[in-house]
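A quick write-up on the structure given underneath.
The values are calculated or read from the model by the stated rules, or taken from the named source; none is laboratory data. All values reported here derive from a predicted model rather than from experimental measurement. Here Cβ is always computed from backbone atoms with ideal geometry, including for glycine, and neighbour counts include all displayed protein chains.
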């Protein structure tokens with residue numbers, strides 16, 4: 001039991017800090033830029049990302065285990081992963097529509113951003129390359145979602161300053177945000193190295 | 001004037017709404033994969049084919065279907081299109097380069113041009129205009145990707161593919177992820193500055209604001 005927990009925790013920490021989807025792999029940058037611009041959906045989108053990465057990792061662990069020896073698995077991986085993500089997306093949406101109609105009304109406009117984005121899909125590919133046990137897949141999926149939340153929080157916290165008059169007009173918004181993410185990425189990679 | 005009534009212009013996607021340098025819509029793969037010219041060419045090739053064919057095929061999906069179902073079908077079509085495209089890419093580009101950027105090639109199936117721009121822009125136009133618009137956007141991405149890849153190639157190794165470029169300095173960190181973020185951020189800011197300077201509409205608006 002302790003080993004399972006340790007594996008899960010190690011994989012989660014890997015996903016949050018060392019292999020952070022946004023800072024170390026530049027995945028989901030468009031979603032981060034969107035959430036930094038419109039703060040009202042921030043929590044919902046990131047809860048969605050955590051939910052989808054964790055749940056999808058559980059299923060992809062099984063497909064990786066049973067089909068990875070197949071010659072064409074690498075080429076078909078995006079299709080298989082998208083199929084799994086789609087199934088989880090539609091089933092969750094149906095469940096929310098049935099049991100939490102008020103949440104469905106609010107979330108339906110942006111929930112697809114949480115599911116079909118590069119951070120989720122990229123995290124699944126990275127985990128597939130790393131391999132590991134079921135616990136590490138779940139841990140890494142959870143860690144990726146939390147790491148993405150951390151990136152969103154850091155961007156949200158600085159967005160007022162990044163859009164202030166102190167920044168030259170042409171650099172306000174997306175350009176300065178990318179430079180800011182680059183500086184955080186530099187600091188993180190220096191720290192881990 | 002609504003999007004559907006306006007004629008599609010190639011320059012919209014290439015310059016004004018460039019998916020990497022102006023809107024940042026798909027900047028991540030450029031930052032992660034375009035560490036050299038060869039990688040940038042491979043990424044542009046896959047991105048262009050996947051996007052153009054997927055947008056064309058997604059047009060067949062009836063508009064009456066629920067939004068959630070349409071999005072799912074767009075993603076599934078893009079990932080199905082990816083299969084022949086990657087097989088073709090493997091015939092053209094060296095395996096070593098493709099292995100290096102495998103992750104970024106695969107995530108082109110979840111690109112926002114297919115998953116969001118189709119609904120908000122491409123499908124609001126007649127089919128020929130839609131293709132013209134989509135080609136403009138992919139050319140814009142290709143331009144940005146190849147530009148970033150070339151600059152990083154030159155700054156990292158003083159080489160452009162196999163050509164030696166004589167510079168008195170090297171910046172090896174440009175090949176790293178943070179180098180990509182900073183370079184794309186600077187290029188985006190410069191592009192916006194140039195665009196604001198020479199665009200008559202923006203220039204006028206700017207003067208009025210001042």
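To keep it simple, each residue is scored yes or no on (1) surrounded by 12 or more Cβ atoms within 10 Å (Cβ to Cβ); (2) at pLDDT 95 or above; (3) farther than 24 Å from residue B:51 by Cβ; (4) in contact with a helix residue (DSSP H, G or I) (Cβ under 8 Å, 6 or more places away or on another chain).
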{"site": "B:143", "(1), (2), (3), (4)": "yes, yes, no, yes"}
{"site": "B:162", "(1), (2), (3), (4)": "no, no, yes, no"}
{"site": "B:165", "(1), (2), (3), (4)": "yes, no, yes, yes"}
{"site": "B:170", "(1), (2), (3), (4)": "yes, no, yes, yes"}
{"site": "B:182", "(1), (2), (3), (4)": "yes, yes, yes, yes"}
{"site": "B:197", "(1), (2), (3), (4)": "no, no, yes, yes"}
{"site": "B:203", "(1), (2), (3), (4)": "yes, no, yes, yes"}
{"site": "B:207", "(1), (2), (3), (4)": "no, no, yes, no"}
{"site": "B:210", "(1), (2), (3), (4)": "no, no, yes, no"}
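Here residue B:22 clears all of (1) in a loop (DSSP other than H, G, I, E, B); (2) without any contact (Cβ under 8 Å) to a residue 60 or more places away in the chain except the condition numbered (2). May I ask you to say which residue of A:50, A:80 is crowded, with 19+ Cβ neighbours inside 10 Å, in a helix (DSSP H, G or I) and modelled with pLDDT of 90 or more? Result: A:50 is the single residue among A:50, A:80 that is crowded, with 19+ Cβ neighbours inside 10 Å, in a helix (DSSP H, G or I) and modelled with pLDDT of 90 or more.
If you take the residues of region A:91-124 that are surrounded by 15 or more Cβ atoms within 10 Å (Cβ to Cβ) and either modelled with pLDDT of 95 or more or not in a helix (DSSP H, G or I) (or both), which of them is farthest from the other protein chains (Cβ to nearest Cβ)? Selected residue: A:110.
Flag set for residue B:100, criterion: more than 7 Å from chain A (Cβ to nearest Cβ), more than 20 Å from residue A:90 (Cα to Cα) and surrounded by fewer than 18 Cβ atoms within 10 Å (Cβ to Cβ). In this structure, residue A:16 qualifies as surrounded by fewer than 23 Cβ atoms within 10 Å (Cβ to Cβ), in contact with a helix residue (DSSP H, G or I) (Cβ under 8 Å, 6 or more places away or on another chain) and in contact (Cβ under 8 Å) with a residue 40 or more places away in the chain. In this entry, residue A:157 passes the filter for residues that are out of contact with any helix residue (DSSP H, G or I) (no Cβ under 9 Å at 6 or more places or on another chain) and either at pLDDT below 90 or not in a loop (DSSP other than H, G, I, E, B) (or both). Given the structure, is residue A:61 within 11 Å of another protein chain (Cβ to nearest Cβ), at pLDDT 90 or above, closer than 24 Å to residue B:105 by Cα and surrounded by 17 or more Cβ atoms within 10 Å (Cβ to Cβ)? The answer is no for residue A:61.
Residues in region A:126-143 that are within 13 Å of the chain's Cα centre (by Cα) and under 12 Å from residue A:19 (Cα atoms): A:126, A:127, A:140, A:141, A:143.
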